[in-house]
Amino acid sequence: MLAAVVEQVRQSFGLRQKQDIQWAARYLASTSRGIAMGDDCAAIADGDSYLLLAAEGLWPQFVSDEPWFAGWCGVMVNVSDIYAMGGTPIAVVDTLWCQSPAASAPLWEGLRAAANAYGVPIVGGHTNCHSPYDGLSVAILGRATHPISSFTARPGDCLMVAVDLQGQRFKRYPFWNAATQADPARLRSQLALLPQLAEMELCNSGKDISMGGVLGTALMLLEASRVGADLSMEAIPRPSDIPLSEWLHCFPSYGFLLSVSPPNAPTVRDLFLQQELSCEVVGTVAGDRQVCLHSGQQSALLWDFEREALTGFAGESCP
């Protein structure tokens with residue numbers, strides 16, 4: 001079983017996309033001017049806090065097939081990046097290309113709906129309605145006083161997954177939609193847990209669960225911190241009607257992977273449970289750079305960072 005899981009994860013579209021980041025690491029390593037790269041956001045020192053800057057591009061086929069949901073996701077994924085780093089969003093800007101004004105309408109409706117739901121204004125960007133294709137990218141600015149970094153997971157930490165399982169599959173895509181029909185006040189309250197954890201110093205490191213799924217996100221965090229981990233497949237929280245093999249590739253609309261000191265793990269879990277979220281310890285950070293999966297009596301090596309990079313960003317200084 002585990003050998004098949006390893007092969008599926010390593011060949012997944014989401015993980016192969018993450019490997020494209022190696023090209024950015026190669027070309028941008030000398031241009032960051034002391035700002036750590038490879039995190040969910042760039043953390044830029046600004047007085048006694050940090051400005052958080054991030055951007056996301058949407059898959060063009062997805063934009064063409066599901067323009068309203070693509071617009072929603074453009075805001076949602078950026079908001080998630082800000083909160084993953086213990087911050088709060090300030091505003092977003094978008095860059096939109098469409099073949100006509102009519103084609104842009106559902107994108108705008110999705111962008112506006114998400115901006116209203118998450119309480120984040122759209123304050124500008126770029127619009128082109130004479131493009132040969134439909135496309136969308138969104139950038140966001142936020143602020144954090146106690147940023148959560150991907151570079152500071154420690155051997156012995158508990159790896160915890162927090163996710164909202166009150167949702168449903170989104171059509172044929174590997175998306176778990178727990179957002180578009182949810183009460184906006186609930187969405188905001190759940191996200192506000194992340195800066196709360198940061199200010200209470202309950203979390204050593206963290207990352208939002210992205211298109212790489214739970215395991216792909218774990219690999220990115222562990223690579224950045226130059227550590228490994230032992231992960232239990234049975235411990236990963238998931239919807240009861242979705243097989244683990246499918247869930248491992250899903251992008252949850254609310255999902256975070258956290259590295260937490262063992263004494264703090266019960267408190268962190270309780271805070272998420274109080275918000276009607278699922279949160280479980282799924283593994284332990286290891287001092288070597290190997291990531292191993294465990295299920296029953298089976299074990300399998302998923303990744304060895306001593307032999308193979310994923311994104312190419314590893315060992316940067318944290319804010």
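Scan region 191-218 for residues that are of a type in the set (Ser, Thr, Tyr) and surrounded by fewer than 24 Cβ atoms within 10 Å (Cβ to Cβ) and the total you get is 1. When restricted to residues that are touching a residue at least 40 places away in the same chain (Cβ under 8 Å) and either among the acidic types (Asp, Glu) or buried (at least 22 other Cβ atoms within 10 Å of the Cβ) (or both), region 84-114 contains 13. Entry remark, region 246-286: residues being without any contact (Cβ under 8 Å) to a residue 60 or more places away in the chain and under 14 Å from the mean Cα position of the chain (by Cα) number 0 in total.
In region 145-180, how many residues are assigned to a loop (DSSP other than H, G, I, E, B) and either in contact (Cβ under 8 Å) with a residue 12 or more places away in the chain or in contact with a helix residue (DSSP H, G or I) (Cβ under 8 Å, 6 or more places away or on another chain) (or both)? Walk me through it before giving the result.
Initial filter on region 145-180 (assigned to a loop (DSSP other than H, G, I, E, B)): 145-157, 164-167, 170-174, 178-180.
Keeping just the survivors that are either in contact (Cβ under 8 Å) with a residue 12 or more places away in the chain or in contact with a helix residue (DSSP H, G or I) (Cβ under 8 Å, 6 or more places away or on another chain) (or both) gives 145-157, 164-167, 170-171, 173-174, 178-180.
Summing the residues that are assigned to a loop (DSSP other than H, G, I, E, B) and either in contact (Cβ under 8 Å) with a residue 12 or more places away in the chain or in contact with a helix residue (DSSP H, G or I) (Cβ under 8 Å, 6 or more places away or on another chain) (or both) in region 145-180 gives 24.
Per the conditions (1) surrounded by 15 or more Cβ atoms within 10 Å (Cβ to Cβ); (2) over 26 Å from residue 148 (Cβ atoms), the sole criterion not satisfied by residue 80 is (2). Look at region 21-43: where a residue is closer than 17 Å to residue 85 by Cβ and among the basic types (Lys, Arg), no partner that is assigned to a strand (DSSP E or B) and at pLDDT 85 or above sits 6+ places away or on another chain with Cβ atoms under 9 Å.
The one condition from (1) under 21 Å from residue 213 (Cα atoms); (2) free of Cβ contacts under 8 Å to residues at least 40 places away in the same chain that residue 15 does not meet is (2). Inspect all residues belonging to region 287-309 and state whether any of them is crowded, with 16+ Cβ neighbours inside 10 Å and under 27 Å from residue 191 (Cα atoms). No, region 287-309 has no match at all. Considering only residues that are in a helix (DSSP H, G or I) and surrounded by fewer than 16 Cβ atoms within 10 Å (Cβ to Cβ), which ones fall in region 268-280? Hits for region 268-280 are 270, 273.
I'd like the full set of residues that are assigned to a loop (DSSP other than H, G, I, E, B) and among the hydrophobic types (A, V, I, L, M, F, W, C), limited to region 281-306.
Residues of region 281-306 that are assigned to a loop (DSSP other than H, G, I, E, B), as a first pass: 287-289, 296-297, 305-306.
Of everything in region 281-306, just one residue is assigned to a loop (DSSP other than H, G, I, E, B) and among the hydrophobic types (A, V, I, L, M, F, W, C), namely 305.
Kindly check whether there is at least one residue in region 219-239 that is in contact (Cβ under 8 Å) with a residue 40 or more places away in the chain, buried (at least 16 other Cβ atoms within 10 Å of the Cβ) and within 11 Å of the chain's Cα centre (by Cα). Before you say what the answer is, go through the steps one by one.
From region 219-239, those in contact (Cβ under 8 Å) with a residue 40 or more places away in the chain are 219-239; that's our starting set.
Among the residues that remain, those that are also buried (at least 16 other Cβ atoms within 10 Å of the Cβ) are: 219-225, 227-233, 236-239.
Next, only the ones that are within 11 Å of the chain's Cα centre (by Cα) stay: 220-221.
The answer is yes; a qualifying residue exists.
Does region 142-157 contain at least one residue that is buried (at least 17 other Cβ atoms within 10 Å of the Cβ), closer than 30 Å to residue 288 by Cβ and of a type in the set (Asp, Glu)? Yes, region 142-157 has at least one match.
The values are calculated or read from the model by the stated rules, or taken from the named source; none is laboratory data. Because the structure is a prediction, the values reported are computed rather than measured. Cβ atoms come from the backbone with ideal geometry, glycine included; neighbour counts cover every protein chain shown.
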